[in-house]
Amino acid sequence: MKFGIVGAGIGGLTAAIALRQAGHDAEIFEQADAIEPMGAALSIWPNAISALDEIGLGDQLRAIAQPINHVAIADWQGRDLTRFQVDHITPGQTAYLPTRSQLQHLLKENLAATPLNLGQELDHIVEDEDGVTLHFDTGLNYRCDILIAADGIWSDIAENMTKVTPKYAGYGGFLALTDPIAAHPTSMSGTEYWGVRERIGVFDLKDDRKYWFYMKTGLRQDDLSKITVSGLADRLSDWPPEIAAALAATDQQDLIPFIVHAKPKPKLMAKNRVILLGDAAHAMEPNMGQGGCQAIEDAVVLGRISRNATEHELAEFYQAARLKRVGKFTSLSNQGSIAPHQLPAPLVKPAHAAMRVIFPAFANRQMKKLYTF
Ligand SMILES: Cc1cc2nc3c(=O)[nH]c(=O)nc-3n(C[C@H](O)[C@H](O)[C@H](O)COP(=O)(O)OP(=O)(O)OC[C@H]3O[C@@H](n4cnc5c(N)ncnc54)[C@H](O)[C@@H]3O)c2cc1C
């Protein structure tokens, strides 16, 4: 089969690799003029590591990324709400934290002969019984058997197919990578600290650097330009010391602002000759750190299914394989903002007490399933 892939994010690049390995022709079209190193870092949980293993990239990721095995959520005073060890849930497997540019580079390096066409913004598509024609704003047209829309949360193709638009999730914040922090060396751990309608996560990176993210209820684009690292450090000065250390090792110009948008769990991920993949299919809030992981799973499952399905069966088989699982992650991720972002102040303490009981029960029953590809 001949695939046209729109979007060279995690989803599009992984799909190209998986489809090539399955013996198909694939070509990627990306609107950006260059694939620049961008973003901070992202957690790749055991389910996505297993998926990367299936296409031969797992060891390459393990070689460059920081393993994260000890994960905790704590209150703003550093008292655990939950703590778990990833390799206790999935024996022999842990999570990894590559920087986004490391992951992007790894995927790009593995594209082999797949053409990556930059500066090509998709304008519209025309689908007929025999194929799909992609029309780009440069005037280029490309004919393929199957279109993979991996063009992210704002995908027009996804919106036309599903009639669902992303909504502001009610919070935003910053991401950053720090300079090395000698006083807090790497220990394969990451902790998210929850206050009242705000939280900050600090995760280990290689070379004693940290990846941190701060999120606060109600923040919108205009608010973000008014926030400084030193202001944040003052605001969180009585939170645990690793936060102050991470903020002190961050330059203002290295802050990456973001506003969270998401969609509800999907009901449709593919139709006829058009397949939605990654955020185009299931834009979830970042609370489980699984948006990119699910894009990787989508791509690897698509590659697997494409080995035996015909072009007429592919959409149906892919959707049947993915809809329930990505729906579960989307629902859980979107519900994950209720406790840290939506509770009124008087309910926060009782909610934290309840979480100390609920989380271990959840971890034992559910997380093994979620972390198994
Ligand atoms: C704060 C935050 C933290 C997160 N942390 C994690 C984490 O720890 N772990 C994790 O797994 N996930 C995480 N995620 C989610 C993750 O970032 C996304 O799920 C993932 O990047 C989606 O990849 P994608 O390839 O589907 O889309 P994208 O990365 O959005 O790529 C889409 C590509 O399509 C291109 N494109 C768009 N429109 C067109 C067009 N018309 N023509 C041509 N090209 C087009 C874009 O330029 C872009 O390159 C986080 C998200 C946020 C917001």
Where the accessible area of the chain is counted over protein heavy atoms with a 1.4 Å probe, how much of it, in %, is carbon and sulfur?
-> 52
With a ≥ b ≥ c taken as the square roots of the eigenvalues of the C-alpha gyration tensor of the stretch 1-46, please select rounded if a/c is under 1.5 and otherwise prolate if a/b is larger than b/c or oblate if it is not?
-> oblate
Net lengthening on full extension, Asp130/Asp179 (0.36 nm per residue, minus Cα-Cα) | 12.3 nm
Karplus-derived 3J(HN,Hα), 6.51/-1.76/1.60, for each residue of the stretch 10-27, Hz, glycine and proline x | 4, x, x, 5, 5, 4, 4, 5, 5, 6, 4, 4, 7, x, 9, 8, 9, 9
In Å, what Rg and Dmax follow from the Cα atoms of the chain?
-> 20.7, 63
Accessible area per residue of the stretch 233-317 at 1.4 Å probe, in Å²?
-> 41
Whole-number accessible area per residue in Å² for the stretch 26-78, which is evaluated in the context of all protein chains at 1.4 Å = 36
Descending accessible area (1.4 Å probe), largest on the left, turns Asp59, Asp87 into Asp59, Asp87
Taking the Cα centre of the stretch 113-180 as the origin, how large is its charge dipole in debye, to the nearest 20, when only Lys and Arg (+1) and Asp and Glu (-1) carry charge on their Cβ atoms?
-> 340
Build a GNM of the chain with springs between Cα atoms under 10 Å: which of Gln319, Gln221, Gln31 gets the top mean-square fluctuation?
-> Gln221
Under a 10 Å cutoff between Cα atoms, tell me which one of Ile28, Ile64, Ile49 has the largest fluctuation in the Gaussian network model of the chain.
-> Ile64
Karplus-derived 3J(HN,Hα), 6.51/-1.76/1.60, for each residue of the stretch 257-269, Hz, glycine and proline x | x, 8, 10, 8, 10, 7, 10, x, 4, x, 10, 9, 10
Pairs to check: Lys267/Lys328; Lys263/Lys368; Lys2/Lys265. Give those whose C-alpha atoms are more than 22 Å from each other in this structure.
-> Lys263/Lys368; Lys2/Lys265
Among Ser50, Ser187, Ser237, which one moves the most in a GNM of the chain with springs linking Cα atoms closer than 10 Å?
-> Ser237
Ranked highest first by the average count of other Cβ atoms within 10 Å around their residues, in what order do 266-277, 1-12 fall?
-> 1-12, 266-277
Tell me the label-point distance for the pair Gln366, Ala72, using the 7 Å Cα-to-Cβ offset, in nm and rounded to one decimal.
-> 2.2
Sorted on mean Cβ neighbours within 10 Å (highest first), peptides 114-125, 225-236 come out as 114-125, 225-236
Antiparallel content of DSSP bridges confined to the chain, in %, to 5 | 70
Residues Ser237 and Ala34, FRET efficiency given R0 of 35 Å [Cβ-Cβ distance, rounded to 0.05] = 0.30
Taking Glu198, Glu316 and ranking on accessible area (1.4 Å, protein atoms only), highest first, one gets Glu316, Glu198
Phi-derived 3J(HN,Hα) across the stretch 226-231 with the Karplus relation (6.51, -1.76, 1.60, θ = phi - 60°), rounded Hz, x for Gly and Pro, is 8, 9, 10, 4, 5, x
Accessible surface of Lys263 in the full protein assembly, 1.4 angstrom probe, to the nearest 10 Å²?
-> 10
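The values are calculated or read from the model by the stated rules, or taken from the named source; none is laboratory data. What you are looking at is a predicted structure, and each value in this text was computed from that prediction instead of being measured. Virtual Cβ from ideal backbone geometry, glycine too; neighbours counted across all protein chains shown. To get the accessible areas, we keep the full protein, side chains included, count just its heavy atoms, and leave off ligands, DNA and RNA. Shrake-Rupley method; radii C 1.70, N 1.55, O 1.52, S 1.80 Å.
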